[in-house]
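A short worksheet on the structure shown next.
The values are calculated or read from the model by the stated rules, or taken from the named source; none is laboratory data. Just so we're clear, the structure is a prediction, and the values are computed from it rather than from any experiment. Note: ideal-geometry Cβ built from the backbone for every residue, glycine included; neighbour counts use all protein chains shown. All accessible areas refer to the heavy atoms of the entire protein, side chains included, with ligands and DNA or RNA removed. Shrake-Rupley method; radii C 1.70, N 1.55, O 1.52, S 1.80 Å.
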Amino acid sequence: MQHDGYLVAAQRVVDFLQTQSPMHAWVVADIDEQAGDWIPVAVADRGYGVPPGTRLRWTDTVCWRMVRGTGAQVVANLDDDSRLGAAPLRTELPISAYVGAPITVDGRLLGTVCGFDPEPMPPSLAEVLPLVQMLADLLAHVHEASTASRIEAARADEAEAAAMRDPLTGVLSRFGWITALDRERERCQRDGGGLAFASLDCDGLKALNDRLGHASGDLLLTKVATALQGAVRRTDVLARLGGDEFGVLSPAAGFGDAEQLAARLQAALRDEQLQVSVGAAWWDPSQAVETAWGLADRRMYLDKRGRKAQPAKAERNASVVVVQRS
């Protein structure tokens with residue numbers, strides 16, 4: 001299917017040609033070579049009644065013979081031309097006069113610009129051919145520009161989608177977190193309610209990297225992400241914010257929901273014997289988001305200090321990774 005910009009240009013071409021020539025109908029058509037169809041996409045018609053989107057057999061058209069070089073581009077009376085006049089389409093549509101030009105890009109046939117009339121035309125019809133050919137060439141350039149624009153837009157979408165995800169763990173990245181946070185904040189301000197924040201930090205990741213290498217640290221991060229994914233709800237947002245930091249935000253009615261979120265995450269991590277510090281806080285639209293996140297972060301560091309007071313637990317992340325590596 002053609003890009004909207006191309007379709008607009010095609011319609012302008014046929015409308016303009018109808019002001020320049022008395023032909024009964026002007027058409028810009030696509031060619032679907034795989035299906036073998038000739039498909040009008042823009043039509044300026046005074047009575048043929050062939051709407052855009054109609055599929056006609058490509059080899060039945062007068063244009064097919066013109067493109068193959070077995071017929072002229074302009075014929076004032078098809079009854080006098082045995083090659084173009086033999087087009088099977090003439091049994092369905094009364095076509096006596098014809099002018100047409102191919103639309104090509106780098107030698108590839110995209111479609112045709114053509115005019116039809118049920119009555120023979122004077123030989124002066126040939127005078128319109130340079131204009132038709134020029135407009136066909138312009139449509140080819142519009143098609144190229146539209147295609148390039150679509151490709152660029154698709155690449156931009158792919159790049160943005162990639163930026164939204166952390167390549168190691170597959171959860172949202174910091175960019176994805178900021179995007180989701182903005183969306184959820186706007187929703188809360190519009191519909192009411194609040195958000196529960198959880199700030200998480202893997203204990204001993206640096207020591208693990210120093211001791212066993214970064215591959216072991218990466219394995220730990222992916223294991224933490226997997227455990228958290230199993231604990232969050234469908235409406236929650238989970239992201240790796242960088243390094244050993246993760247964040248979760250969850251639609252919440254009050255601080256009790258933040259406590260429940262922290263407990264749910266801690267239970268999932270504990271089940272996997274993962275030592276991760278967790279802090280939670282609740283946000284409502286009357287305060288700044290940064291205030292609630294800062295509180296969750298401070299509570300996470302309080303949890304971390306408490307864990308450091310229990311040295312026996314500090315080695316568990318390393319032992320979990322060692323088990324996974326063996």
message: For the list (1) assigned to a loop (DSSP other than H, G, I, E, B); (2) under 39 Å from the mean Cα position of the chain (by Cα), I need the number of the one condition that residue 71 fails.
response: (2)
Residue 219, sole failed condition from (1) closer than 20 Å to residue 179 by Cβ; (2) surrounded by 16 or more Cβ atoms within 10 Å (Cβ to Cβ): (1)
task: Among what's in segment 162-178 and is open to solvent by 50 Å² or more (accessible area, probe 1.4 Å) and at pLDDT 90 or above, pick the residue that is nearest to the chain's Cα centre (by Cα).
output: 165
- prompt: Between a first residue in segment 122-134 that is part of a helix (DSSP H, G or I) and a second residue that is open to solvent by 40 Å² or more (accessible area, probe 1.4 Å), which pairs have beta carbons less than 7 Å apart while being 6 or more apart in sequence or on different chains?
  reply: 128/20; 129/73; 131/20
- request: Tell me which of these residue 163 doesn't satisfy, since it passes every other one: (1) over 21 Å from residue 41 (Cβ atoms); (2) assigned to a loop (DSSP other than H, G, I, E, B).
  value: (2)
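Report yes if residue 102 is open to solvent by 20 Å² or more (accessible area, probe 1.4 Å), in contact (Cβ under 8 Å) with a residue 24 or more places away in the chain and in a strand (DSSP E or B), otherwise no. Give the derivation first.
Working: open to solvent by 20 Å² or more (accessible area, probe 1.4 Å): yes; in contact (Cβ under 8 Å) with a residue 24 or more places away in the chain: yes; in a strand (DSSP E or B): yes.
So residue 102 passes the test.
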- request: Looking for whichever is among the hydroxyl-bearing types (Ser, Thr, Tyr) and within 25 Å of residue 147 (Cα to Cα) here; the options are 19, 61, 104, 91. Which one fits?
  value: 104
message: I'm trying to understand the selection: among the residues of segment 73-99, which are in contact (Cβ under 8 Å) with a residue 40 or more places away in the chain and among the polar types (S, T, N, Q)?
response: 73, 77
task: Would you mind telling me which numbered condition in (1) in contact (Cβ under 8 Å) with a residue 24 or more places away in the chain; (2) among the charged types (D, E, K, R); (3) under 17 Å from residue 39 (Cβ atoms) residue 108 fails?
output: (1)
message: I need the full set of residues from segment 171-197 which are in contact with a Phe, Trp or Tyr (Cβ under 8 Å, 6 or more places away or on another chain) and under 18 Å from residue 268 (Cβ atoms), in order please.
response: 171, 196, 197
- prompt: Which numbered condition trips up residue 262, out of (1) in contact with a strand residue (DSSP E or B) (Cβ under 8 Å, 6 or more places away or on another chain); (2) closer than 18 Å to residue 303 by Cα; (3) open to solvent by 40 Å² or more (accessible area, probe 1.4 Å)?
  reply: (3)
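Tally the residues that are among the hydroxyl-bearing types (Ser, Thr, Tyr) and at pLDDT 90 or above, restricting the search to segment 54-96. Step through it out loud before you land on a result.
As a first pass, look at segment 54-96 and keep what is among the hydroxyl-bearing types (Ser, Thr, Tyr): 54, 59, 61, 70, 82, 91, 96.
Applying the additional criterion that residues be at pLDDT 90 or above yields 54, 59, 61, 96.
Looking only at that region, the number is 4.
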- line: Here the residues within segment 170-229 that are free of Cβ contacts under 8 Å to residues at least 24 places away in the same chain and of a type in the set (Asp, Glu) are 182, 186, 191, 210
field: Qualifying positions in segment 74-99 - over 42 Å from the mean Cα position of the chain (by Cα), within 20 Å of residue 45 (Cα to Cα) and either aromatic (Phe, Trp, Tyr) or open to solvent by 60 Å² or more (accessible area, probe 1.4 Å) (or both)
entry: 91, 94
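Please state which one of 119, 144 is in a helix (DSSP H, G or I) and out of contact with any Lys or Arg (no Cβ under 6 Å at 6 or more places or on another chain). Walk me through it before giving the result.
Numbers: 119 fails: in a helix (DSSP H, G or I).
Criteria check complete, one pass: 144.
Take the residues in segment 25-58 that are more than 14 Å from residue 109 (Cα to Cα) and in contact with a Gly (Cβ under 8 Å, 6 or more places away or on another chain), then tell me which one is most open to solvent (accessible area, probe 1.4 Å).
As a first pass, look at segment 25-58 and keep what is more than 14 Å from residue 109 (Cα to Cα): 25-27, 35, 40-57.
If we keep only those that are in contact with a Gly (Cβ under 8 Å, 6 or more places away or on another chain) as well, we get 25-27, 40-41, 57.
On the way: 25: 3, 26: 0, 27: 11, 40: 2, 41: 33, 57: 147 Å².
The extreme case among them is 57.
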